[in-house]
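The next block holds one structure in the form of structure tokens; read it before the comments.
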Amino acid sequence: MRLLRRVFAAFCWLIGAASATELTPPPKTDANGWIVTVSVTGAVAPSFPGSGQMRPYPFPSVSFRKVGEPELFSTPDEGFGLALLDLGYLRAGPVANFVFQRGQRDGLFGLRRIGLTHEVGGFIEVNPLEHVRLRAELRQGVDGHRGFVAALYADAYQSFGRFRVSAGPRLNFGDNSYANAYFSVTPFEALINGRLTPYNATGGFTSAGGMATVRYDFDEWTSVSVFGGGQRLLGGVGGSPIPNLIGSRSQYTAGLSVARSFEVRNPFPF
């Protein structure tokens with residue numbers, strides 16, 4: 001955490017020293033319309049929370065903004081949000097996320113299966129300084145783990161010509177239902193598995209880490225981004241035998257994203 005604070009402080013200093021640059025200027029076209037951005041992301045991430053095995057996953061996404069509006073800063077690890085309140089320096093609205101299912105691979109024989117989890121809730125983000133964003137997401141699992149989770153993001157970002165660089169720390173929270181679903185081991189499960197010991201996981205701050213992204217704009221319509229980050233499992237979650245005996249307390253993510261924007265004319269301007 002001390003290293004993360006130093007990295008984030010260095011980025012804030014860099015932003016203060018560099019000249020202000022708009023994130024991505026809006027295309028100079030007819031103001032009556034929308035800019036639709038379609039992104040396709042390929043990432044490698046742990047196959048389940050606490051896993052030491054990496055799996056490839058695709059992440060398609062779509063975003064919209066009015067012609068004439070600048071593109072808003074975002075990161076690959078945040079949820080899918082819609083800002084119903086937008087005051088410029090403050091945005092808030094609903095958010096959704098998902099967690100892939102956990103089967104019985106990678107040493108999990110005998111443990112319960114956890115289906116694909118859909119998480120819904122809300123987010124709020126503020127820009128306390130130019131090129132600095134703070135964001136919080138509160139989400140409830142409606143299936144799968146059925147727990148409550150929260151994610152805190154802090155990012156500093158700056159553009160250098162066609163490149164944009166961002167980095168910042170992350171902190172995650174999960175309640176007892178979340179922790180129990182992925183990290184508890186019942187005596188019967190331990191007996192069947194043979195490698196794990198019984199354990200009752202409790203909620204709290206579940207992980208801390210960081211994320212960095214480098215983006216290159218080929219033009220105002222097409223961009224490519226590479227990103228990577230890591231998390232360290234904490235507390236009752238980090239003490240579970242699942243990450244310590246068959247998985248890993250260190251959780252890494254990396255990927256590449258290609259985005260293409262295009263204009264959709266508004267046939268009914270008003």
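The values are calculated or read from the model by the stated rules, or taken from the named source; none is laboratory data. None of the values given here were measured: they were computed from a predicted structure. Virtual Cβ from ideal backbone geometry, glycine too; neighbours counted across all protein chains shown.
Quick check on this structure: which one of ALA151, ALA136 is more than 23 Å from SER47 (Cβ to Cβ), in a strand (DSSP E or B) and not polar (S, T, N, Q)?
After applying the criteria, what remains is ALA136.
Out of the residues in the range 170-190 that are hydroxyl-bearing (Ser, Thr, Tyr) and surrounded by fewer than 19 Cβ atoms within 10 Å (Cβ to Cβ), which is farthest from ARG215 (Cα to Cα)?
So, considering only residues that are hydroxyl-bearing (Ser, Thr, Tyr) and surrounded by fewer than 19 Cβ atoms within 10 Å (Cβ to Cβ), the one farthest from ARG215 (Cα to Cα) is THR186.
Within the range 92-133, the only residue that satisfies the criterion of being closer than 28 Å to GLY52 by Cβ, assigned to a loop (DSSP other than H, G, I, E, B) and of a type in the set (Asp, Glu) is ASP106. Do we find that GLY144 is buried (at least 17 other Cβ atoms within 10 Å of the Cβ) and closer than 14 Å to LEU234 by Cα in this structure? Against the criterion (buried (at least 17 other Cβ atoms within 10 Å of the Cβ) and closer than 14 Å to LEU234 by Cα), GLY144 does not qualify.
Among the conditions (1) in a strand (DSSP E or B); (2) out of contact with any Pro (no Cβ under 8 Å at 6 or more places or on another chain), the only one that ASP219 does not satisfy is (1). Out of the residues in the range 222-256 that are more than 19 Å from ARG105 (Cα to Cα) and in contact with a Pro (Cβ under 6 Å, 6 or more places away or on another chain), which is surrounded by the most Cβ atoms within 10 Å (Cβ to Cβ)? Among them, the one singled out is LEU233. Please tell me if LEU234 is within 13 Å of GLY50 (Cβ to Cβ) and either modelled with pLDDT under 95 or out of contact with any strand residue (DSSP E or B) (no Cβ under 8 Å at 6 or more places or on another chain) (or both). No.
Can you find even one residue in the range 198-217 that is at pLDDT below 95, under 30 Å from GLY33 (Cα atoms) and touching a Phe, Trp or Tyr at 6+ places or on another chain (Cβ under 9 Å)? Scanning the range 198-217, I find no residue that is at pLDDT below 95, under 30 Å from GLY33 (Cα atoms) and touching a Phe, Trp or Tyr at 6+ places or on another chain (Cβ under 9 Å), so the answer is no. Only one of the numbered conditions (1) of a type in the set (A, V, I, L, M); (2) surrounded by 14 or more Cβ atoms within 10 Å (Cβ to Cβ); (3) in contact with a Lys or Arg (Cβ under 9 Å, 6 or more places away or on another chain) is violated by LEU85, and that is (2). Out of PHE148, PHE163, one residue alone is aromatic (Phe, Trp, Tyr), at pLDDT 95 or above and farther than 30 Å from SER223 by Cβ. It is PHE148.
How many of the residues making up the range 158-169 are among the aromatic types (Phe, Trp, Tyr) and either crowded, with 22+ Cβ neighbours inside 10 Å or outside any strand (DSSP E or B) (or both)? Summing the residues that are among the aromatic types (Phe, Trp, Tyr) and either crowded, with 22+ Cβ neighbours inside 10 Å or outside any strand (DSSP E or B) (or both) in the range 158-169 gives 0.
Only one of the numbered conditions (1) outside any loop (DSSP other than H, G, I, E, B); (2) of a type outside the set (S, T, N, Q); (3) in contact with a Ser or Thr (Cβ under 7 Å, 6 or more places away or on another chain) is violated by GLY42, and that is (3). Annotation note: of GLY115, GLY122, GLY103, the sole residue that is surrounded by fewer than 19 Cβ atoms within 10 Å (Cβ to Cβ), under 16 Å from the mean Cα position of the chain (by Cα) and farther than 28 Å from THR222 by Cα is GLY122. Scanning the range 54-91 for residues that are of a type outside the set (Asp, Glu), within 25 Å of PHE148 (Cα to Cα) and in a loop (DSSP other than H, G, I, E, B) turns up SER74, THR75, PRO76, GLY79, LEU82, ALA83, LEU84.
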